[in-house]
Amino acid sequence: MSAYSDHTREAGEDAGTRSAVDAGLDSIAHACIVVSGVMLVFLIASFGWLVFGRYVLNDTPTWVEQSSLLIVVYVTCLGAAAGVRNKSHLSIEFIRDGLPALPRALMCHLADLFVVLFGASMAWQGGIMVLDNLQRPIPMIGLSESWRALPLVISGGLMMLFAVVNIVQRLVAPTGR
């Protein structure tokens with residue numbers, strides 16, 4: 001289990017009780033975080049090159065702006081998907097946590113259902129954008145504009161998967177949280 005997601009697991013749960021599905025999904029979420037981290041390092045390095053090129057070489061690298069915009073989309077979308085799996089996404093829990101078990105469970109299911117719907121919409125609309133922009137190049141870097149929309153498809157699909165698994169796990173083994 002990754003150190004990043006240790007805090008999201010139940011107190012009595014150990015590595016021996018986790019299913020292969022959980023381990024696989026945790027690996028996918030961890031890979032999203034790793035890829036995002038590597039992209040952030042590249043983003044910082046490219047901005048360092050931008051500053052060096054502009055002020056030392058007096059030759060501004062024009063590709064940095066467009067590649068940075070592309071990288072930020074990937075970092076954001078992959079991080080959001082991992083946040084759904086690790087249950088570290090933005091949420092307001094104080095109201096839900098103050099309720100009795102049944103309404104609390106219903107609110108958890110409802111929240112995950114909204115994530116499923118949002119992920120489905122994100123993946124669907126992102127897919128349309130990918131297909132619509134295949135022939136349109138990104139200025140300065142020459143890649144297809146579809147590369148900007150691809151993270152929406154990936155992240156939306158992962159959000160749906162992670163949220164559905166959350167719902168199924170709560171239905172199969174309710175914890176009373």
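The values are calculated or read from the model by the stated rules, or taken from the named source; none is laboratory data. Note that the structure is a prediction, hence the values are computed from the model and not measured. Every residue, glycine among them, receives a Cβ derived from its backbone with ideal geometry; neighbour counts consider all protein chains shown. To get the accessible areas, we keep the full protein, side chains included, count just its heavy atoms, and leave off ligands, DNA and RNA. Shrake-Rupley method; radii C 1.70, N 1.55, O 1.52, S 1.80 Å.
In the distance distribution for region 85-168, Cα-Cα pairs more than 16 Å apart total 60 percent.
Give, in nm to one decimal, the length gained when the segment between Arg18 and Leu117 is fully stretched (0.36 nm per residue of separation minus the Cα-Cα distance). Before the final figure, lay out each step's value.
Details: separation 99, 0.36 × 99 = 35.64 nm, distance 2.69 nm.
Fully extending the segment from Arg18 to Leu117 adds 33.0 nm.
Within the listed set Ala45, Ala120, Ala149, the residue fluctuating most in the Gaussian network model of the chain (springs between alpha-carbon atoms under 10 angstrom) is Ala45. Looking at the chain as a GNM with Cα springs under 10 Å, which of Arg54, Arg104, Arg85 has the largest mean-square fluctuation? Top of the fluctuation ranking is Arg54.
Sorted largest first, the spans of the alpha carbon positions of region 66-111 along the three principal axes are 49, 15, 14 Å.
For the chain, the relative contact order works out to 23 percent when only alpha carbon pairs closer than 8 Å and six or more residues apart are counted. So how tilted is helix 20-55 from the main axis of the chain? Cα-based, degrees 0 to 90, rounded to 10. Helix 20-55 sits roughly 30 degrees off the main axis of the chain. Within the assembled protein chains, the solvent-accessible surface assigned to Asp59 is about 100 Å², based on a 1.4 Å probe.
If contacts are Cα pairs under 8 angstrom and at least 6 residues apart, what is the relative contact order of region 85-170 in percent?
Details: 81 pairs, mean separation 29.3, N = 86.
RCO, region 85-170: 34 percent.
Comparing mean-square fluctuations of Ile92, Ile141, Ile33 from a GNM of the chain with C-alpha springs under 10 Å, the top value falls on Ile92. For region 17-79, the relative contact order works out to 42 percent when only alpha carbon pairs closer than 8 Å and six or more residues apart are counted.
For the chain, the spread of Cα positions along the three principal axes, ordered from largest to smallest, is 63, 34, 33 Å.
Once both labels are positioned 7 Å from their Cα atoms along Cα-to-Cβ, the gap between Ile44 and Ser68 label points is 1.5 nm.
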